[in-house]
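Have a look at the structure below, then the notes.
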Amino acid sequence: MEEEKKFLEDITKEGYILTRVGVGRYYFKESDKRGLVYQADFKGINTRITEGEYLQMYEDSGWYLASNYGGWYYFYHEVTNNMDLSIFNDKESKAGVYRRLILFLALTGFPLYYQNLVVLPAVGSLYLESFYRVFRIIMLVIMGLHLAASLKILTMYLQLRKEIKE
């Protein structure tokens, strides 16, 4: 998250502002605002707060929505008096983001693992053998990527929890 934040802020210094985020892509437009701080937050599937309330909470704090994609919300704030404007300026709030990501990955991962480990092996003897093999390989690659991301985020979360306890 810190690398992405730095990347977005460096682009802003060149005279561009974030307008949209896509799969592995960022879209910018020219802007005269060169002193912006960016912060990303993962809202996930939190149903306790509506999207309108969520956005209003940030806007009341001076943060404005630049874009959102897949549960991630990208906010910006104009730099004022070299103050620390980080949304997540303590370890507890950063751990909250990782906790929401872990929950989301667990919920999305369950059907993926179930399909790969239970359903697809039982389907292997059907008519489309070559299609089945290619599909199974693709699903195993996706499962591996999902598992790697889950483990990385879990490790980061556990490290933060350890630091909080110390």
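The values are calculated or read from the model by the stated rules, or taken from the named source; none is laboratory data. Everything numeric in this text was worked out from a predicted model, so none of it was measured. Heads up, the Cβs are rebuilt from the backbone with ideal geometry, glycines too, and the neighbour counts pull from every protein chain shown.
Checking residue 41 against (1) under 23 Å from residue 157 (Cα atoms); (2) outside any strand (DSSP E or B); (3) not β-branched (Val, Ile, Thr): exactly one of these is not met. Which one?
Among (1) under 23 Å from residue 157 (Cα atoms); (2) outside any strand (DSSP E or B); (3) not β-branched (Val, Ile, Thr), the lone unmet condition for residue 41 is (2).
Do we find a residue being within 20 Å of residue 98 (Cβ to Cβ), β-branched (Val, Ile, Thr) and not assigned by TED's automatic domain parsing to the domain that holds residue 99 anywhere in the range 22-44?
Looking through the range 22-44, none of the residues is within 20 Å of residue 98 (Cβ to Cβ), β-branched (Val, Ile, Thr) and not assigned by TED's automatic domain parsing to the domain that holds residue 99.
Scan the range 125-135 and give yes if some residue there is out of contact with any His (no Cβ under 8 Å at 6 or more places or on another chain), assigned to a helix (DSSP H, G or I), of a type in the set (Gly, Ala, Ser) and at pLDDT below 85, otherwise no.
Yes; the residues of the range 125-135 include at least one that is out of contact with any His (no Cβ under 8 Å at 6 or more places or on another chain), assigned to a helix (DSSP H, G or I), of a type in the set (Gly, Ala, Ser) and at pLDDT below 85.
Taking the stated definitions as given, is residue 47 modelled with pLDDT under 85, among the hydroxyl-bearing types (Ser, Thr, Tyr) and not assigned by TED's automatic domain parsing to the domain that holds residue 102?
Against the criterion (modelled with pLDDT under 85, among the hydroxyl-bearing types (Ser, Thr, Tyr) and not assigned by TED's automatic domain parsing to the domain that holds residue 102), residue 47 qualifies.
Only one of these conditions is not met by residue 151: (1) farther than 29 Å from residue 41 by Cα; (2) aliphatic (A, V, I, L, M); (3) modelled with pLDDT of 75 or more; (4) surrounded by 10 or more Cβ atoms within 10 Å (Cβ to Cβ). Which number is it?
Only one criterion in (1) farther than 29 Å from residue 41 by Cα; (2) aliphatic (A, V, I, L, M); (3) modelled with pLDDT of 75 or more; (4) surrounded by 10 or more Cβ atoms within 10 Å (Cβ to Cβ) is unmet by residue 151, namely (1).
Starting from the range 150-166, take each residue that is β-branched (Val, Ile, Thr) and list its partners that are surrounded by 13 or more Cβ atoms within 10 Å (Cβ to Cβ) and in a helix (DSSP H, G or I), counting only C-beta distances under 8 angstrom and pairs at least six apart or across chains.
Note: pairs meeting the criteria are 153/98; 153/101; 153/102; 153/105; 164/91; 164/95.
Just to check your reading of the model, which residue among 112, 140 is at pLDDT below 85, within 25 Å of residue 44 (Cα to Cα), surrounded by 11 or more Cβ atoms within 10 Å (Cβ to Cβ) and among the hydrophobic types (A, V, I, L, M, F, W, C)?
Result: 112 is the single residue among 112, 140 that is at pLDDT below 85, within 25 Å of residue 44 (Cα to Cα), surrounded by 11 or more Cβ atoms within 10 Å (Cβ to Cβ) and among the hydrophobic types (A, V, I, L, M, F, W, C).
So for the range 83-96 (the condition being over 23 Å from residue 156 (Cβ atoms), modelled with pLDDT under 85 and not assigned by TED's automatic domain parsing to the domain that holds residue 144), does at least one residue qualify?
yes
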